[in-house]
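Participant: One structure is given below, represented as structure tokens, and several questions about it will come after.
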Amino acid sequence: MSDEQTLNAAVAAGVLASEERFAELLRSIVEVARAIFGAKASSIFLVDEATDELVFEAVAGEGSDVLVGKRLPSSTGIAGWVLVTRQPLVLEDVQNDPRFARDLAESTGYVPHGLMAVPLLHDEEALGVLQVLDRPQRARFSLTEMDLLGQFGNQAAIALDLLRNARRAKAVLDGGEPELSAVARVAVALDRLEGERRAAGVRLLVELERVLGG
């Protein structure tokens, strides 16, 4: 194996490890959200812009064994409404809400009675939706719960952005673009730096990203 092939293999392994790490972070977020709210289920959707769909990326509770990877139209149902409007939503009885798409819910194998949902926003971009389904109706939804749900949404948005970036990096690797080796060498060199030299390298890359991003 040539030096370039070895380098590419090492970078690919790192990208795959990063993707799994960020996916695990999403799973942790839905698990904790479900536990904190005492809900029957919690889920995170990611927008697939190429197909205009919402994809189940992480699920805790009901449907956790079958829903990950399942796709839904991005503009339909309550999740679609939250994504498009970028507004959080709390419903104690989804059955009587016109935004509720019962056929979509039935296709997932679980039809909720109530739910809470927040859009996952990162740098003004809507990346997906976080839902918490069927929390105990001990009392009406409070502002404290909304704030807590928003905090979960913030963490989920960061994790989704990291996961998306890892997948984009993997797509570049899989594409075998000739410029990859140069990018890979920079990434590996930066990873080996320590202290102030590493900080300086990171600042340089951030500035380069800003310039290239216009």
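Participant: Only residues that are over 23 Å from Glu125 (Cα atoms) and either without any contact (Cβ under 8 Å) to a residue 24 or more places away in the chain or in contact with a Phe, Trp or Tyr (Cβ under 8 Å, 6 or more places away or on another chain) (or both): list them for segment 41-79, please. Talk me through it step by step, then tell me what you get.
Facilitator: Taking segment 41-79 as the starting set, the residues that turn out to be over 23 Å from Glu125 (Cα atoms) are 41, 60-67.
Hits for segment 41-79 are Ala41, Glu62, Gly63, Ser64, Asp65, Leu67.
Participant: Can I ask one more? Before we move on, is Ala35 loosely packed, with under 14 Cβ neighbours inside 10 Å, assigned to a helix (DSSP H, G or I) and modelled with pLDDT of 90 or more?
Facilitator: Judged against the criteria, Ala35 is a match.
Participant: Scanning for something modelled with pLDDT under 85 and of a type in the set (D, E, K, R), does segment 102-122 turn up at least one residue?
Facilitator: no
Participant: If we keep just the residues of segment 68-83 that are over 17 Å from the mean Cα position of the chain (by Cα) and part of a helix (DSSP H, G or I), which is farthest from Arg102 (Cα to Cα)?
Facilitator: Trp81
Participant: I would also like to ask the following. Out of the residues in segment 117-152 that are in a strand (DSSP E or B) and either in contact with a Phe, Trp or Tyr (Cβ under 7 Å, 6 or more places away or on another chain) or of a type in the set (Lys, Arg) (or both), which is nearest to Leu25 (Cα to Cα)?
Facilitator: Within segment 117-152, the match that is nearest to Leu25 (Cα to Cα) is Leu130.
Participant: Looking only at segment 75-89, filter to residues that are farther than 14 Å from Val55 by Cα and of a type in the set (S, T, N, Q); which one of those is most open to solvent (accessible area, probe 1.4 Å)?
Facilitator: Per the stated criteria, the residue is Gln87.
Participant: For residues that are among the β-branched types (Val, Ile, Thr) and in contact with a helix residue (DSSP H, G or I) (Cβ under 9 Å, 6 or more places away or on another chain), scanning just segment 102-149, find the one that is surrounded by the fewest Cβ atoms within 10 Å (Cβ to Cβ).
Facilitator: Ranking the candidates gives Val111 first.
Participant: Condition first: part of a loop (DSSP other than H, G, I, E, B) and at negative phi. Now tell me which residues in segment 41-67 satisfy that.
Facilitator: The answer is Glu49, Ala50, Thr51, Glu62, Ser64, Asp65, Val66, Leu67.
The values are calculated or read from the model by the stated rules, or taken from the named source; none is laboratory data. Only a predicted model underlies this, so the values are computations on that prediction, with no experimental measurement involved. A quick note on method: Cβ atoms are made from the backbone with ideal geometry, for glycine too, and the neighbour counts reach across all protein chains shown. Ligands, DNA and RNA are stripped out before the accessible areas are found, and what is left, the full protein with its side chains, is counted by its heavy atoms. Shrake-Rupley method; radii C 1.70, N 1.55, O 1.52, S 1.80 Å.
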